[in-house]
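Take a look at the structure set out below.
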Amino acid sequence: MAERIGVIGAGAFGTALAVAQAAAGREVALWLRDPAAAAEMAEGRENRARLPGVRLPPGVVPTADIANAAREIVLLAVPTQRLREVLQAQAERLAGCTLVACCKGVELGTGLLPTEVIADVLPGARVAVLTGPSFAADIARGKPTALTLAATAPGAEALQEALSTRSLRLYLTGDLTGAQMGGALKNVIAIAAGVSIGAGLGESARAALMTRGFAEMTRHAEARGADSETLHGLSGLGDLVLTCTSEKSRNYRHGLALGAGRPPEAGATVEGVATARALAAAAPADALPVTAMVAALVDGKVTLADAVELLLSRPLKRERE
């Protein structure tokens with residue numbers, strides 16, 4: 001595959017992916033909506049707003065011209081709730097590209113996963129998913145990171161080769177649904193884990209939430225056609241562990257603030273909030289108890305005390321249920 005890659009979206013993660021690919025000797029066009037911001041980044045060689053302290057390699061070319069970024073491989077690193085808008089606006093340019101969804105979540109209103117949104121806007125597009133336990137700063141600084149690349153043949157192995165680097169190791173799966181459900185649902189559980197620590201409920205409570213949350217993730221993913229084994233890999237369990245235990249996670253920090261009664265971080269993209277709302281609106285609360293609790297809590301429909309009581313008062317059952 002081509003050694004020229006486009007990245008749509010210059011947030012922290014999109015910038016980090018561009019840096020990693022350029023460090024591996026690939027030419028990367030990093031697309032920003034704002035021409036002035038693109039020019040500033042090109043001149044200063046740094047994304048000061050989203051990834052300060054990381055210098056852009058010469059191979060990264062910031063641009064506001066989508067034609068420059070519409071290459072054979074395009075990494076879509078815009079938030080899930082903005083993905084449809086970007087695809088609709090750039091559909092003509094992106095037609096024929098291999099589109100790799102690097103965002104996590106479920107679209108509000110439709111309940112669609114990122115690759116399903118792509119298929120809805122660009123029927124017949126070649127799609128893949130890049131997901132798993134990672135923080136932008138680690139990727140950008142070349143720290144060892146392993147991710148899941150979900151793609152189907154033909155061309156899956158070539159895409160894996162084209163995007164792997166010495167520090168960014170990609171493991172291949174054909175289960176697009178499982179990879180995306182893990183990435184979406186772990187954000188919801190991370191909010192709950194943050195709430196438990198922020199509210200002073202303790203490490204044991206967080207461990208219980210992570211474990212029962214993982215069971216919830218697996219059940220719901222299987223119901224949508226995923227292979228449960230995918231959830232036991234990097235895109236499910238691996239991402240859950242990272243996101244529920246580090247304050248680098250925006251979702252975990254959001255939960256910490258909720259639990260402590262503090263205002264959430266202003267301007268942060270917290271995909272778990274929209275995912276919780278989307279899934280809770282479409283499923284009975286008994287089917288997704290942690291997700292329903294998070295959705296109700298972030299929307300102010302229950303107090304923290306009520307949320308804890310709702311979870312603790314659920315009927316006793318066998319662990320595997």
Task: For the chain: relative contact order, % (alpha-carbon pairs under 8 angstrom, 6 or more apart) - done: 15
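Provide the gained length on full extension for the span ALA36 to GLU229, in nm with one decimal, where the gain is 0.36 nm per separating residue minus the Cα-Cα distance.
Extra length available between ALA36 and GLU229 comes to 64.9 nm.
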TODO: Find the centroid of the Cα atoms in the range 65-84 and in the range 220-286, then give the distance between the two in whole Å.
DONE: 24
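Can you show me the helix-derived [θ] at 222 nm for the chain, built from DSSP H runs with n ≥ 4 at -39,500 (n - 2.57) apiece and divided by the number of residues, rounded to the nearest 500. Each step should come with its number before you reach the end.
Values: 16 runs with 158 residues, N = 321.
My calculation for the chain gives -14500 deg cm²/dmol from helical runs alone.
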Open item on the list: Stokes-Einstein diffusion coefficient for the chain at 10 °C in a medium of 1.306 mPa s, Rh from the Kirkwood formula over Cα pairs: what value in µm²/s?
Closed with: 80
- [ ] Please give, to one decimal in nm, the separation of the simple spin-label points placed at GLU85 and ALA285, each 7 Å out from Cα toward the Cβ.
- [x] 3.2
Task: Residue order, fewest to most surrounding Cβ atoms within 10 angstrom, among HIS232, HIS254, HIS220 - done: HIS232, HIS220, HIS254
Task: Estimated vicinal HN-Hα couplings, Hz - the range 14-22 in sequence order (Karplus 6.51, -1.76, 1.60; Gly, Pro = x) - done: x, 5, 4, 5, 4, 4, 5, 5, 5
Open item on the list: Students often get this wrong: which residues of the range 1-45 have the backbone nitrogen under 13 Å from the point 7 angstrom along Cα-to-C-beta of GLU72?
Closed with: 1-6, 27
- [ ] Measure nothing fancy, just the Cα-based angle from helix 289-298's long axis to the longest principal axis of the chain, in degrees from 0 to 90, nearest 10.
- [x] 80
- [ ] Taking every Cα atom in the range 66-212, find the radius of gyration and the maximum pairwise distance Dmax, and write them in Å.
- [x] 16.8, 51
- [ ] Output the Cα-based Rg and Dmax of the range 170-293 in Å, rounding Rg to one decimal and Dmax to a whole number.
- [x] 13.7, 42
Task: Taking the range 4-174 and dividing mean pair separation by its residue count, relative contact order in percent (alpha carbons under 8 Å, at least six apart) - done: 21
Task: Note, ³J(HN,Hα) from phi for the range 230-237, Karplus 6.51, -1.76, 1.60, rounded to Hz, x at Gly and Pro - done: 4, 5, 7, x, 4, 6, x, 4
TODO: Counting only C-alpha contacts under 8 Å and six or more residues apart, can you give the relative contact order of the range 185-312 as a whole percent?
DONE: 33
Open item on the list: How long are the semi-axes of the equivalent ellipsoid of the range 1-123, taking √(5λ) for every eigenvalue λ of the Cα gyration tensor, in whole Å from largest down?
Closed with: 24, 15, 13
Open item on the list: Can you tell me which of SER164, SER235, SER204 moves the most in a GNM of the chain? Springs connect C-alpha atoms under 10 Å apart.
Closed with: SER204
Task: Phi to ³J(HN,Hα) by Karplus 6.51 cos²θ - 1.76 cosθ + 1.60 over the range 210-224, Hz, x for Gly, Pro - done: 4, 5, 5, x, 5, 4, 5, 4, 5, 4, 5, 5, 4, 5, 9
TODO: For the range 4-174, build the charge dipole from Cβ charges (+1 Lys, Arg; -1 Asp, Glu) around the Cα centre, then report which of ALA77, ALA156, PRO52 sits farthest towards its positive end.
DONE: PRO52
Open item on the list: Between ALA153 and ALA208, how high is the FRET efficiency from 1/(1 + (r/R0)^6) when r is the Cβ-Cβ distance and R₀ = 25 Å? Nearest 0.05.
Closed with: 0.05
Task: Charged-residue dipole, Cβ positions (Lys, Arg, Asp, Glu), the chain about Cα centre, Debye nearest 20 - done: 540
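Computed from the coordinates by the stated procedures, all read-outs in this text should not be read as laboratory data. On a predicted model such as this, the values are computed, not experimentally measured, just so you know. Cβ: placed from backbone, ideal geometry, glycine included. Neighbour counts: every protein chain shown.
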